[in-house]
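A short reminder: the numbers here are calculations on the coordinates, not readings from a lab. None of the values given here were measured: they were computed from a predicted structure. Here Cβ is always computed from backbone atoms with ideal geometry, including for glycine, and neighbour counts include all displayed protein chains.
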Amino acid sequence: MANFFPRWTNWLPLKITIIVLVLTTAVTLGTWYYDTPKYTRVGYQPIQPVPFPHDIHVTQLGMDCRYCHSFVDVAAHSNLPNTQTCMACHQQVQKDNPKLEPVRASWKSGQPVEWVQIHRTPDYVFYNHAAHVNRGISCAVCHGQVNHMPVVYHAKPHSMAWCLECHRHVERFIRPQEEVFNLDWKPEDVKPAEFVAKYGQPEGVKDDWSKKQHLTQEEIGQTLKERWNVKPPVNCQGCHR
Ligand code: HEC
Ligand code: HEC
Ligand code: HEC
Ligand code: HEC
Ligand code: HEC
C-alpha cells in the first residue's frame, strides 16, 4: 500500500491538539482578566495620606463640588484642591485632629499633599469634563454617590463599553443642567408642568406631559437630548484622536 500522505502529517493531530489547548487557555485567561473587578477597577480605594470625608464636607456641611474641584465645569481636567483650600477652615476647625497632620505638614513645607489618583483614562483616550458636566451629565453618573462616601472609591467601570453605553443612550442618563451637582437628584423630583414650560417636549409626542404625575428618566432625557441637540461621538476618532 502506497503512503498517500507525507510523513509530517503524522504530527498533525498532535499539533492541532496543542493549538486548541493553547487557544482555550488564552481565551479563558483573557475572559477572566477582563471580567474581574480589578480590570474594571470598580471598588479601587487606595489609602490616602488623609482619609478625606466627602460625606462630611458635601452632605453635612453643604459644600459644592466646585468649591474644591473648581475647574470641573470649565476645563478638560478636574483639579484637586490645594492645601490653602483646606487650611481656610482647618487653621481654626479641628486644629489638633491627627488625621489632618499631613495637611498641616504640607502647609508648613509648601509641598502639596500627595493624593493618590483613583480615576485615570489611558493616554490614547480623549476625555473632557466640561463637555459632559455642561451637558446635563452629573458627577454621580460617572463617580457614584461621592457625597455619601467617607473615602472616595472607584464606583463605575470607566471601560470603553461603559462610555459607549451612555453615548448610544444619553436619554437614560441626562438631567436638567441645574441638577448636575446635586448628586441625590431623582427623576421624581422634576415637576412636569415646570419642566415642560422650560424645555418643551419631544417632537411627535401627542399627549400633554405637563399634566403627568411624574416624568420618567427616559422622558426627561429624550426631551433634553432633542432640545440641546446632544450627539456624543460613537465613532473611533471621537475618543481616540
Ligand atoms: C472640601 C473639598 C472638597 C469638596 C467640597 C469635594 N471634594 Fe472631591 N476631593 C477632594 C479631595 C481632597 C480629593 C482627593 C482625596 C481623595 O481622593 O479621597 C477628592 C477626590 C475626589 C474624587 C476622586 C479623584 C481621583 O483621584 O480620581 C472624585 C471623583 C471627587 N472628589 C468628586 C467630588 C464630587 C462629585 C464632589 C461634590 C459632590 C466633591 N468631590 C466635593 C476634595 C473635595
Ligand atoms: C468650609 C470649611 C472646610 C473646608 C474648606 C475643609 N474642611 Fe474639613 N472639616 C470642616 C469641618 C467643619 C469639619 C468637622 C465636621 C464635624 O466635626 O462634623 C471638618 C472635618 C474634617 C476632617 C475630620 C474628619 C474626622 O472624621 O475626623 C478631615 C480629615 C478634614 N476635614 C479634611 C479636610 C481636607 C483635607 C480639606 C481640604 C481638601 C478640608 N477638610 C476642607 C470644614 C472644612
Ligand atoms: C462622563 C463621566 C464623568 C463625569 C460626568 C464626571 N467625571 Fe470626573 N472623571 C471622569 C473620568 C473618565 C476621569 C479620569 C480622567 C483622566 O484620566 O483624565 C475623571 C477624573 C476625575 C477627578 C480626578 C482628576 C485628577 O486629575 O486626579 C476628579 C477630582 C473628578 N473626576 C471630579 C468630578 C466631579 C466633581 C464631577 C462633577 C462635577 C465629575 N468628575 C464628573 C469621568 C467623569
Ligand atoms: C452618562 C453619559 C456619558 C458617559 C458615561 C460618557 N459620556 Fe462622553 N459625552 C456625553 C455627552 C452628553 C456628551 C456631549 C455631547 C454633545 O455635546 O453633543 C459627550 C461628549 C463626549 C466627547 C466629545 C467632547 C468634545 O469636546 O468634543 C468625548 C470625546 C467623550 N464624550 C468621551 C467620553 C469618554 C472617553 C467616556 C468614558 C470614559 C465618556 N465620554 C463617558 C455623555 C457621556
Ligand atoms: C466613547 C468613547 C470611545 C469610543 C467612541 C471608542 N473608544 Fe476605544 N476606548 C475608550 C476608552 C475609555 C478606552 C480605555 C478603556 C479602559 O481603560 O479600560 C478604550 C480602549 C480602546 C482600546 C484598547 C483595548 C483595551 O481593551 O484596552 C482599543 C483597541 C480601542 N479602544 C479601539 C476602539 C475602536 C476601534 C473604536 C471604534 C469602533 C473605539 N475604540 C471607539 C473609549 C472609546
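At full extension, Glu179 and Asp64 could sit 40.2 nm farther apart than now, given 0.36 nm per residue minus the alpha carbon distance.
At a temperature of 25 °C and a viscosity of 0.890 mPa s, determine how fast segment 9-138 diffuses translationally according to Stokes-Einstein, using the Kirkwood radius over alpha-carbon pairs as Rh; express D in µm²/s, rounded to the nearest whole number. Translational diffusion coefficient: 128 µm²/s.
Quick one: net charge of Trp107's neighbours, Cβ under 13 Å, K/R +1, D/E -1? Surrounding charge for Trp107 is +2.
Couplings 3J(HN,Hα) for segment 222-231, derived from phi with the Karplus relation 6.51 cos²θ - 1.76 cosθ + 1.60 (θ = phi - 60°), are 4, 4, 5, 4, 6, 4, 9, 6, 7, 9 Hz, where x marks Gly and Pro. Where Lys and Arg each count +1 and Asp and Glu each count -1, what net charge lies around Leu183 among other residues with Cβ under 15 Å from its Cβ? Its environment carries a net charge of -3. In plain terms, if you count all Cα to Cα distances in segment 160-241 and split them into 5 Å steps from zero, the share in each step is 3, 14, 23, 23, 16, 11, 6, 3, 1, 0 percent. Do the alpha carbons of any pairs in Lys198/Lys225; Lys186/Lys225; Lys186/Lys212; Lys156/Lys198; Lys191/Lys211 sit beyond 20 Å of each other, and which pairs? Pairs exceeding 20 Å: Lys156/Lys198. How much net charge surrounds His169 when only the other residues with a Cβ under 11 Å from the Cβ of His169 are counted, with Lys and Arg +1 and Asp and Glu -1? Its environment carries a net charge of 0.
Straight-line cross-link reach from Lys108 at under 26 Å between alpha-carbon atoms covers these lysines, not counting any fewer than eight positions away in the same chain: Lys95, Lys99.
The Rg/Rh ratio for the chain is 1.17, where Rg is the radius of gyration of the alpha carbons and Rh is the Kirkwood radius.
For segment 147-157, 3J(HN,Hα) computed residue by residue from phi via the Karplus equation (6.51, -1.76, 1.60; θ = phi - 60°) reads 5, 10, 8, x, 9, 5, 10, 7, 9, 10, x Hz, glycine and proline entered as x. Within segment 125-195, the proportion of C-alpha pairs whose separation exceeds 13 Å stands at 69%.
Multiplying the residue separation of Val125 and Val50 by 0.36 nm and removing their Cα-Cα distance gives an extension gain of 24.0 nm.
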